[in-house]
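The values are calculated or read from the model by the stated rules, or taken from the named source; none is laboratory data. Quick caveat, the model's predicted, so the values are computed rather than measured. In this analysis, Cβ positions are derived from the backbone assuming ideal geometry, glycine residues included, and neighbour counts consider all displayed protein chains.
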Protein chains: 4
Amino acid sequence: MTISVAVSGASGYAGGEVLRLLAGHPEVSIGAITAHSNAGSRLGELQPHLHSLADRVLADTTVETLAGHDVVFLALPHGASAGIAAQLDPGTLVIDAGADHRLEDPLAWEKFYGSEHAGTWPYGLPELPGHRERLKGARRIAVPGCYPTSSLLALTPGFSAGLLEPEDVVIVSASGTSGAGKAAKPHLLGSEVLGGMSPYGVGGSHRHTPEIEQGLSAAAGESVAVSFTPTLAPMARGILTTATAKVRPGVDPADLRAAWESAYASEHFVRVLPEGQWPATKMVVGSNYAVMQLAYDPHANRVIVSCVIDNLNKGTAGGAVQSMNIALGLDETAGLTQQGVAP
Amino acid sequence: MTISVAVSGASGYAGGEVLRLLAGHPEVSIGAITAHSNAGSRLGELQPHLHSLADRVLADTTVETLAGHDVVFLALPHGASAGIAAQLDPGTLVIDAGADHRLEDPLAWEKFYGSEHAGTWPYGLPELPGHRERLKGARRIAVPGCYPTSSLLALTPGFSAGLLEPEDVVIVSASGTSGAGKAAKPHLLGSEVLGGMSPYGVGGSHRHTPEIEQGLSAAAGESVAVSFTPTLAPMARGILTTATAKVRPGVDPADLRAAWESAYASEHFVRVLPEGQWPATKMVVGSNYAVMQLAYDPHANRVIVSCVIDNLNKGTAGGAVQSMNIALGLDETAGLTQQGVAP
Amino acid sequence: MTISVAVSGASGYAGGEVLRLLAGHPEVSIGAITAHSNAGSRLGELQPHLHSLADRVLADTTVETLAGHDVVFLALPHGASAGIAAQLDPGTLVIDAGADHRLEDPLAWEKFYGSEHAGTWPYGLPELPGHRERLKGARRIAVPGCYPTSSLLALTPGFSAGLLEPEDVVIVSASGTSGAGKAAKPHLLGSEVLGGMSPYGVGGSHRHTPEIEQGLSAAAGESVAVSFTPTLAPMARGILTTATAKVRPGVDPADLRAAWESAYASEHFVRVLPEGQWPATKMVVGSNYAVMQLAYDPHANRVIVSCVIDNLNKGTAGGAVQSMNIALGLDETAGLTQQGVAP
Amino acid sequence: MTISVAVSGASGYAGGEVLRLLAGHPEVSIGAITAHSNAGSRLGELQPHLHSLADRVLADTTVETLAGHDVVFLALPHGASAGIAAQLDPGTLVIDAGADHRLEDPLAWEKFYGSEHAGTWPYGLPELPGHRERLKGARRIAVPGCYPTSSLLALTPGFSAGLLEPEDVVIVSASGTSGAGKAAKPHLLGSEVLGGMSPYGVGGSHRHTPEIEQGLSAAAGESVAVSFTPTLAPMARGILTTATAKVRPGVDPADLRAAWESAYASEHFVRVLPEGQWPATKMVVGSNYAVMQLAYDPHANRVIVSCVIDNLNKGTAGGAVQSMNIALGLDETAGLTQQGVAP
């Protein structure tokens, strides 16, 4: 039986990656492809790398065009998905790549997004403890943010195992520019980005901070405080997250590695590298993998975890498709890219 | 029936891309993976983006390790393949990604490579007139060079249709650095390459020049002279070829487009873009597609064709797998990536 | 005596580079710094690399703010400079970095720019035969385009010496993204540009084509036809021009080199590299140099010249300051950067 | 009076940048230019961006070639400078861009470098408290490492003012590839570096860790523990350091900014940006500036400082020339670039 899927926000980077994956998914038939200001255009003008879909024409993003599919992907600006989802059949699987339904705490939502909270949906990061079960049969799924995906995968094993102190996590991430979207802004011009790096959202103001704290707190069973600094790197795709946390007194640093390895031993898309090998974003670009390595730093009694993902793939579209597979009872790896594209 | 395949030169960029494609090929089982100085290493150390093959160990590149497979890919320095192929069973499909068996003219070989000519094998560019037929059932295949792939696809339609003058073709190509291989040379360091461009092999000395002339001459039915200048661009993958030729007297420039469109109308992996849209290498990176556009330039009475490919994919490994599929009677697109990875 | 200089268009890339050079010019005092929509801003917000000028505030670009200086640099959109220049004192040196006064042929102007021709000013490329003399004492100077600067420097020696055929010049240039300016356009986003190359203005439609033809025709003493194809490269600065022309019958290819060497023997900012060494854009980034090498290609009886410049420096601001120095009788090298910034 | 200077290690990136600056220094005459395996080559072959020095020939790096100059720059592998310095006249100013004489603690040296400690020289970072005085008249100067330069400038004001906790500093830096030097290693190839990021030296093993701890401990007046993680970014030049430290109880976060501003109020080459503006490496590439911004992060009660430098300029050659100027009583800014080269 073929699953019919509609994709909104198809002119953006997230929507494009969802389409790239779905076009190769063996169980899926792509129905409506929709956009807002680009409705009426050929997809080939906007996503010229999607050769097999080049002649498809974008419909307008409305409830009418999206209705009647088994699955609807929403890759929309935040604030736009709740209204649409409410009008879609409860039996339709709605997967929101935006931020609207990730946070559990309405106050955190209001503080960081300045609008009313739209509610919380099952969180599409199945490698976190307990999450895969919640995704099975779900009909509403919130896709995690790209930075939270890498940060939570990096540190959750240590918090779940009770090895880390909750009060002083420091995370610094470098992201490719596609994470900032396709809207033309001067500071995202190639001339500005090529050959340079810059920070942004410093001091805890980035909207992914509460999402990271929420996930780590759930793993720790107590409130975890995070200092998160994102930076923009001169590459189109990829996130390198350096995540550090203090090791609890009495923990033998030699035991850290076992906690990470056992947490991911049966996970298809998460790899803890052999000792001595460090991740690089190019190992995962184009794929749904998260790859990591860890070290104990005696200078500060901290564990340092380096974790790489493709922000558009595992960090967005890959995570979305993986969650769809779980929700619908398909093979979890269906349609997901097994290898990175390197060099 | 599963086809068993061996891949030599597996630690290099071409070998890595062959493995990436074969790992996703539905009809193939990857047997021996071999290398020279890296024999004994885990593939995960050398090609850490090939997640599903990470624990495979590289064997030594010998006739013994390669024998006994249905297909053997040779991604070796030039001069190395003829000796190995001679010792493999004549029924084994041997696909040489190196240069040894591309040229038909022994004198051209000797002039550009300085050694004895090893003979000519069917040329793995099925989109050229007559070549697909020659590949069917072949047991020895020479994979074209990456520059010739883009140059021949760009200009063959015009020469086949008798629209172009043979005596003054000018081609300038920009290639990503992976075309230069994985050997550590100072001028290929990131510090040297990042943020800059440079030419090399200027004046007709690049070894791909006779291969381009051979292919265009075959299409034209007379000797075609080419001035070819390759340049190195600050990107890992991709070739942008700007190929120009004088239009014959009496040809209506308005007829040029029809020749190109009809030449590729039934080709799966070659796209002539709609008028007004120009190719970009990122449309094809990670995929087996060649994408092109053409214009008539009245200043010099020339047709200008811009053609992009992924040098490692359509320009090497993708062309190799496509040729394998044809030789063995498989679906020509099996295992080949349908979409580019962008942005 | 200090020369007072005003700079308009100071928020753009060309204006920023003019300011960078003038800030280090020993004879110059920077007066008004002006912009259009950014008037009122601190320069430090818009050009944060210009540390010594960070606290200067941008004035509005009007005749009033520009008047009263010895020199006025105009880095404005085309069409804007003629009106301003007409209202400035005839004794003021006005240097136009825009296109308005480069072309001599009003018909060419109207065809490519679609407006009325504003007249022709002395052309700020002193290394072309006769041009340095015309710049001495000039009070109106048109700064050449960046592509014409590299193309004319590349081929003029051959045409001046009568060695080249006029009817079939082919030029392919790769430019860094700063040549496309600072306006935020989707195709210039870092995500689009990083890791890829693309052509534009193919088929003779780029506005620099008539400017190149004008300059080469002047050198040849007859009409020269040029096929010019610009491409966009993933780097912020730099142009690599590959310029080719047919060699006249009877010319000994061995004599070509001497023509180029003698043409530039006494030029400070143009270097013909020793045989065997090829230019790279990073040799000249940040400097006012043009560096080139040439080869004879027997396949097409063509000379191939590779020429690199920094599009913002020698291609715009450096050429402008060099021309100012000549016009005012200063040391021609004053304020101009002698070394590239590499790697 | 002209100062004669010799530069060793002239074929590497640090040596090249020293030469670039010295060639524009108004008080300096460049004497011997030396190298090891490249002795006998023209400088134009190895540093083709140094146009004014292209015809200089490299001498062998020996005491004989270096002796007889007022100043000798050593840009050599660690371990090589002590022996040479011992044989140079005590009145000669010897400036070591290598690591040999930076650390005060012989045990730290031996632990991280595995050889005998060569002694400690005045540390060439004049913006640190007390250091400028120690450099005046000095005849032996150790140039700081590039990571320590950015890290110490970032955090010293807070430690000097007693605002920060000493026990848990976390620093993550992204560096351009030139910091890894010019030796051809596979992981530094353009194909590997372009489009990706990777960490290295994780867990406190990078040799710059003890140097950072030494400097911060001196500022704090007590032992400071640092977790330092360097990462490699796809750019040729530049360091972005994200440095964080816990704020002491009782400190009003609103007072942090004043401490940084007052620390650098009279420093020419260090800028604390106006509130709301964040640094980018391209603000400083090609210049001797360090630019920074800070924020208080309430999530972890930490100050986050982002600091950018050009690793080859302020981080190596610029710091070296600045120290030379101080040692010899010259204008501290002589020969140092005042503006960054952007975009």
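Which of the residues spanning the stretch D:286-325 are of a type outside the set (Ser, Thr, Tyr) and within 7 Å of another protein chain (Cβ to nearest Cβ)?
D:GLY286, D:ALA295, D:ASP297, D:PRO298, D:HIS299, D:ALA300, D:ARG302, D:ILE304
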Those residues of the stretch A:100-123 which are under 24 Å from A:VAL170 (Cα atoms) and touching a strand residue (DSSP E or B) at 6+ places or on another chain (Cβ under 6 Å), in sequence order: A:ARG102, A:TYR123
Count of the stretch A:184-194 residues which are outside any loop (DSSP other than H, G, I, E, B) and either in contact with a strand residue (DSSP E or B) (Cβ under 7 Å, 6 or more places away or on another chain) or surrounded by 24 or more Cβ atoms within 10 Å (Cβ to Cβ) (or both): 6
Residue count for the stretch C:86-116, restricted to those that are within 15 Å of C:SER323 (Cβ to Cβ) and among the hydroxyl-bearing types (Ser, Thr, Tyr): 1
Residue count for the stretch D:215-262, restricted to those that are polar (S, T, N, Q) and surrounded by fewer than 21 Cβ atoms within 10 Å (Cβ to Cβ): 3
Condition broken by A:GLY130, with the remaining ones in (1) more than 14 Å from chain D (Cβ to nearest Cβ); (2) modelled with pLDDT under 95 satisfied: (2)
Which numbered condition B:ILE326 fails, given (1) touching a helix residue (DSSP H, G or I) at 6+ places or on another chain (Cβ under 6 Å); (2) buried (at least 24 other Cβ atoms within 10 Å of the Cβ): (2)
Total residues in the stretch D:145-181, condition crowded, with 21+ Cβ neighbours inside 10 Å and at pLDDT below 95: 1
The stretch C:253-274: number of residues that are acidic (Asp, Glu) and at pLDDT 95 or above: 2
Members of the stretch B:71-98 found to be at pLDDT 95 or above, buried (at least 21 other Cβ atoms within 10 Å of the Cβ) and of a type in the set (A, V, I, L, M, F, W, C), listed by number: B:VAL71, B:VAL72, B:PHE73, B:LEU74, B:LEU93, B:VAL94, B:ILE95, B:ALA97
For B:ARG42: the one exception among (1) surrounded by fewer than 23 Cβ atoms within 10 Å (Cβ to Cβ); (2) within 24 Å of the chain's Cα centre (by Cα): (2)
So D:GLU17, is it of a type outside the set (Gly, Ala, Ser), at pLDDT 95 or above and surrounded by fewer than 24 Cβ atoms within 10 Å (Cβ to Cβ): no
Selection within the stretch C:148-183 - farther than 23 Å from B:GLY196 by Cα and not in a helix (DSSP H, G or I): C:ALA161, C:GLY162, C:LEU163, C:LEU164, C:GLU165, C:PRO166, C:GLU167, C:ASP168, C:VAL169
The stretch D:126-144 - residue that is of a type in the set (A, V, I, L, M) and surrounded by fewer than 24 Cβ atoms within 10 Å (Cβ to Cβ) and, of those, farthest from D:GLU261 (Cα to Cα): D:ALA138
In the stretch B:289-334, the residues that are touching a strand residue (DSSP E or B) at 6+ places or on another chain (Cβ under 9 Å) and either of a type in the set (Lys, Arg) or closer than 17 Å to A:GLY340 by Cβ (or both): B:ARG302, B:ASP310, B:LYS314, B:ALA317, B:GLY318
Subset of the stretch C:208-232 that is facing chain B (nearest Cβ under 8 Å) and either basic (Lys, Arg) or more than 18 Å from the chain's Cα centre (by Cα) (or both) - its residue that is farthest from C:GLN47 (Cα to Cα): C:ALA225
Filter result for the condition that a residue is within 23 Å of B:TRP121 (Cα to Cα) and more than 20 Å from the chain's Cα centre (by Cα), over B:GLY319, B:GLY329, B:GLY276: B:GLY329
B:LEU155 within 29 Å of B:LEU76 (Cβ to Cβ) and either among the aliphatic types (A, V, I, L, M) or free of Cβ contacts under 8 Å to residues at least 24 places away in the same chain (or both): no
Residue check for D:ARG20: within 23 Å of D:THR177 (Cα to Cα) and of a type in the set (Lys, Arg): yes
Some residue of the stretch A:121-137 being closer than 20 Å to A:ALA218 by Cβ, in contact with a Lys or Arg (Cβ under 6 Å, 6 or more places away or on another chain) and part of a helix (DSSP H, G or I): no
Filter result (within 27 Å of D:ARG20 (Cα to Cα) and of a type in the set (Val, Ile, Thr)) within the stretch C:276-306: C:THR281, C:VAL284, C:VAL285, C:VAL291
Selected residue (only one of C:LEU164, C:LEU194, C:LEU189 is hydrophobic (A, V, I, L, M, F, W, C) and away from chain B (no Cβ under 12 Å)): C:LEU164
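Does the stretch A:7-60 hold any residues that are touching a Phe, Trp or Tyr at 6+ places or on another chain (Cβ under 7 Å) and touching a residue at least 24 places away in the same chain (Cβ under 8 Å), and which are they?
A:VAL7, A:SER8, A:VAL18, listed by residue number.
One line per residue, one yes/no per condition, for (1) more than 30 Å from B:VAL224 (Cβ to Cβ); (2) among the polar types (S, T, N, Q); (3) free of Cβ contacts under 8 Å to residues at least 40 places away in the same chain:
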residue: C:ASP255; (1), (2), (3): no, no, no
residue: C:ARG271; (1), (2), (3): yes, no, yes
residue: C:GLN293; (1), (2), (3): no, yes, yes
residue: C:ASP297; (1), (2), (3): no, no, no
residue: C:VAL303; (1), (2), (3): no, no, no
residue: C:CYS307; (1), (2), (3): no, no, no
residue: C:THR316; (1), (2), (3): yes, yes, no
residue: C:LEU328; (1), (2), (3): yes, no, no
Looking only at the stretch C:254-271, and only at residues there that are among the aliphatic types (A, V, I, L, M) and within 14 Å of chain B (Cβ to nearest Cβ), the one that is farthest from C:THR337 (Cα to Cα): C:ALA254
Qualifying residue in the stretch B:200-207 (condition: of a type in the set (Gly, Ala, Ser), out of contact with any His (no Cβ under 9 Å at 6 or more places or on another chain) and more than 7 Å from chain C (Cβ to nearest Cβ)): yes
Checking A:VAL251 against (1) under 21 Å from B:ALA236 (Cα atoms); (2) more than 9 Å from chain D (Cβ to nearest Cβ), the condition it does not meet: (1)
